[in-house]
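See below for the structure under consideration.
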Amino acid sequence: MGFSRAQHGLFRPLVIKAWQGHCKANALNARDNAAKDAWYREELHAATGKTSSAELDQRRDFETVMAHFEAIAGDSIYWQMRTFNGNARRILHQIDQISREHDLDEDYLRSIAKQALQTEYKPELHTLPPETLLTVLNAARVYVRRHLTSQPANDDNPF
């Protein structure tokens, strides 16, 4: 799919800045286009497993490569924080989908989190880092699979 025109407008200058920083740190010629292309493809592959921006997804890959090249340029952490927060937002969205599909309220999800994380309190989900949210998401999926979807329907039981 590739990046949009607006995304390329942010991405390309950052790649140039990262390349210049890389050249300065390693005493390389910044005008060596062949070296720049090889470096770019190597860094893109390290960040995403792909060697061309045309192969990348506009949503998730964009934040990932921006954070990667930002770290090389070394002048900001904006994209690194955005990637971190983006992961948390995506996981929270999945938790929210599970809660809506299976009628689980937030307090119950917080109870699942408390048990899964083995804490003394019910944590506020939106304050948890992505790695911890993954644990909560997996615990919620296990709960749904064990308690809500595997129960056979029993129409004979009046209760």
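The values are calculated or read from the model by the stated rules, or taken from the named source; none is laboratory data. This is a predicted model, so every value here is computed, not measured. A quick note on method: Cβ atoms are made from the backbone with ideal geometry, for glycine too, and the neighbour counts reach across all protein chains shown.
Residue under question is Ile72, and the condition is that it be assigned to a helix (DSSP H, G or I), at pLDDT 90 or above, assigned by TED's automatic domain parsing to the domain that holds Tyr40 and within 24 Å of the chain's Cα centre (by Cα); does it hold? Spelling it out, Ile72 is indeed assigned to a helix (DSSP H, G or I), at pLDDT 90 or above, assigned by TED's automatic domain parsing to the domain that holds Tyr40 and within 24 Å of the chain's Cα centre (by Cα).
The test for being in contact with a Leu (Cβ under 8 Å, 6 or more places away or on another chain), surrounded by 12 or more Cβ atoms within 10 Å (Cβ to Cβ) and among the acidic types (Asp, Glu) does not hold for Glu55. Annotation: Gly86 fulfils all but one of (1) crowded, with 18+ Cβ neighbours inside 10 Å; (2) at pLDDT 90 or above; the unmet one is (2). Being assigned by TED's automatic domain parsing to the domain that holds Phe11 and in a helix (DSSP H, G or I) is a description that does not apply to Ile91. Of the residues contained in region 28-44, none is found to be more than 26 Å from His147 (Cβ to Cβ), under 21 Å from the mean Cα position of the chain (by Cα) and either outside any helix (DSSP H, G or I) or touching a residue at least 60 places away in the same chain (Cβ under 8 Å) (or both).
Say we look at region 102-116 and pick out the residues that are without any contact (Cβ under 8 Å) to a residue 24 or more places away in the chain and in a helix (DSSP H, G or I); which of these is surrounded by the fewest Cβ atoms within 10 Å (Cβ to Cβ)? Steps first, answer last, please.
Quick first cut of region 102-116, residues without any contact (Cβ under 8 Å) to a residue 24 or more places away in the chain only: 103, 105-108, 110-111, 114, 116.
Restricting the remaining residues to those that are in a helix (DSSP H, G or I) gives 106-108, 110-111, 114, 116.
Numbers: Glu106: 14, Asp107: 8, Tyr108: 15, Arg110: 16, Ser111: 14, Lys114: 16, Ala116: 18.
The extreme case among them is Asp107.
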